[in-house]
Amino acid sequence: MRLPRSEHTSRPWRIHDVAHDFRLEDVWALPTPGGPGDFPRLVEMVAALDPAQTSSPVVRMLFTIRLRMGALLGWDDESSGVGERVPSLRERLPDDLRDTVSPAPFEAAPFEPLYRTDDEFAAEVANRTVHGVLHVGWVRADDGGYRGQLAILVKPNGLLGSAYMAGITPFRHFLVYPTMMREFGRAWEAAR
């Protein structure tokens, strides 16, 4: 379920200091009910996520189109990534967050982990369109348990990046994220 921006901005996340100049794009409640000790499992699921393997043929097609466009237009060249076109946000991390994760990339998605705390995980990605942050938090739910919360923060790269983000917004909100949330929920329940 999509959440108001305040569900992210009102919490004392460490990402606010690290990515203070990024725009909050989306906030979603993850269908991952659990207890206080379940956050590591959520982080493992996020790192193993492969959007190209979704059960939805429409979402798979959208990811295929994006990958092909990126290859054709050079959006995803190595020279456009983290540490190349933009410096890594790891350079902004305070000392206590620097060694909380290895900088190894995700299994299938192009993200590079930034840090992890007891209730917060962040990873970054960059290409010719944006520098983005995937932020996952573990929050107290209304029923007294816990649940995951996903936030996407972006810094568009000029006019191209702004146009790209505007163009993909309806697809993200109405196709991609709802599908991913359902699949997340099924995977979470299956792993219990």
- Query: Cα extents of the range 1-151 along the three principal axes, largest first, in whole Å?
  - Reply: 49, 40, 26
- Karplus couplings for the range 80-91 from phi (6.51 cos²θ - 1.76 cosθ + 1.60, θ = phi - 60°), rounded to Hz, Gly and Pro as x? 9, x, 5, x, 10, 5, 10, x, 5, 5, 4, 5
- Query: Ordering 143, 26, 96 from largest to smallest accessible area (1.4 angstrom probe), what's the sequence?
  - Reply: 143, 96, 26
- Task: Among 70, 137, 148, determine the one that fluctuates most according to a GNM of the chain built with springs between C-alpha atoms less than 10 Å apart.
- Result: 70
- Task: Express as a percent, rounded to the nearest 5, the fraction of DSSP beta bridges in the chain (both residues included) that run antiparallel.
- Result: 95
- Taking the chain as a Gaussian network, where each spring joins two C-alpha atoms under 10 Å apart, which residue of 34, 167, 132 fluctuates the most? 167
- Can you give the net charge of the other residues whose Cβ lies under 15 Å from the Cβ of residue 79, counting K and R as +1 and D and E as -1? -2
- Item | residue 173/residue 53 FRET efficiency (R0 25 Å; Cβ-Cβ; nearest 0.05) | 0.75
- Query: When only DSSP loop residues count, what trypsin sites (Lys or Arg not before Pro) in the range 41-94 have their Cβ near at most 15 other Cβ atoms within 10 Å?
  - Reply: 85
- Item | Unit Cα scatterers, Debye sum, the range 81-192: log10 I(q)/I(0) for q = 0.15 Å⁻¹ | -0.81
- Task: With a probe of 1.4 Å, find how much accessible area the range 70-119 has per residue, and write the answer as a whole number in Å².
- Result: 62
- Message: If you average the C-alpha positions of the range 149-168 and of the range 84-145 separately, how far apart do those two centres end up, in angstrom?
- Response: 17
- Message: To check my understanding: the extent here is largest minus smallest coordinate of the Cα atoms along each principal axis. What are those three numbers for the range 127-192, in Å, largest first?
- Response: 43, 21, 20
- Hey, what number do you get for the chain at 222 nm if only DSSP H runs of n ≥ 4 count, each worth -39500 (n - 2.57), divided across all residues, to the nearest 500? -10000 deg cm²/dmol
- Full-stretch length increase - residue 67, residue 9 - with 0.36 nm per residue and alpha-carbon distance subtracted: 17.8 nm
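The values are calculated or read from the model by the stated rules, or taken from the named source; none is laboratory data. Since the structure is predicted, the reported quantities are computational estimates derived from the model, not experimental observations. Here the Cβ is made from the backbone with ideal geometry for all residues, glycine too, and neighbour counts use every protein chain on show. Areas reflect the complete protein model, heavy atoms only, side chains present, ligands, DNA and RNA absent. Shrake-Rupley method; radii C 1.70, N 1.55, O 1.52, S 1.80 Å.
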